[in-house]
Amino acid sequence: MEYKHFSHRHNLNIHQVQQGQQLLCSGCESFCHGSVYACWQCNFFLHSHCGNATRYMKHPSHPSHPLILIPQPTYCSGSFLCNACDQSGSSFSYCCALCEVDLHVHCAFLPPEVSHKVHPHELSLTYSALEKKGAPQFCKICSKSLESKHWTYGCTKCDFGVHTFCATTEVKPGLYQMEDSADGATPEGYPGLRQDVCEAKEDQIEVELSEEALVQLYKLQLQMQMAEQVAQVMASMNLS
């Protein structure tokens, strides 16, 4: 069985990663495990949750606008800084170009609650560090600083907070799906992939063009935002 993913020009096959194999996911840039989608011709691999990630989502951390899954960052640097974990990335991200919000795929699908052996209570995901007046906050696992602008897992009863990446590596694919997020050509349960079974070439070209047009739209939005900021700076200089 072959599958087609919007981010890659060739069909993908399912491959079971063998012990000792080191395959890097082209979506999240981490090592693959379990079943992956593979194009051996290009050394292109996707975890199941990266390959099946929905094209759009309405995430509670950014309720103003939907986030779109893009295969590469649109910034001039070719990388992005994740608003959830503050780590950089250069591949798949959920993006709102208007607000410069970027999330790793695995951060976007973090479970709302997790358990950890270092604390007896459930830890809840929050989109900022637990604030305590007059005192900096530190992760109770790694002892490094918790920045208020980044996501954390915490227990408010115990004033207990930890980094997301210290708390869990679990992902919950399918959270926050939008009703119209899947392509019409995508089989149920595979929002990012579709089975390549007897589909007309015209349909494939139409999907590819629409995806490219959508990415170009976001690039244009970002350029317009940057131009507006430059105009505001110039205006303030003229006033002074």
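The values are calculated or read from the model by the stated rules, or taken from the named source; none is laboratory data. All of these numbers come straight from a predicted model, not from anything done at the bench. Cβ coordinates were reconstructed from backbone atoms using ideal geometry, including for glycine residues, and neighbour counts include every protein chain displayed. Surface accessibility is based on the protein's heavy atoms, side chains included, excluding ligands, DNA and RNA. Shrake-Rupley method; radii C 1.70, N 1.55, O 1.52, S 1.80 Å.
Structure summary
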| read-out | value |
| --- | --- |
| Net charge over other residues, Cβ less than 12 angstrom from the Cβ of His49 (K, R count +1; D, E count -1) | 0 |
| FRET efficiency, Leu24 to Asn238 (Cβ-Cβ, R0 41 Å, nearest 0.05) | 0.25 |
| Cα extents of segment 1-42 along the three principal axes, largest first (Å) | 27, 22, 16 |
| Kirkwood Rh, angstrom, segment 1-110 [1 / mean 1/r, Cα pairs] | 14.5 |
| When each of Lys117/Lys144; Lys117/Lys149; Lys4/Lys172; Lys58/Lys144; Lys58/Lys172; Lys117/Lys157 is checked by Cα-Cα distance, pairs over 24 Å | Lys117/Lys149; Lys58/Lys144 |
| Accessible carbon and sulfur surface of segment 1-94 relative to its total accessible area, %, 1.4 Å | 48 |
| Packing-based ranking, highest mean first, of 94-101, 34-41 given that Cβ atoms within 10 Å are counted | 94-101, 34-41 |
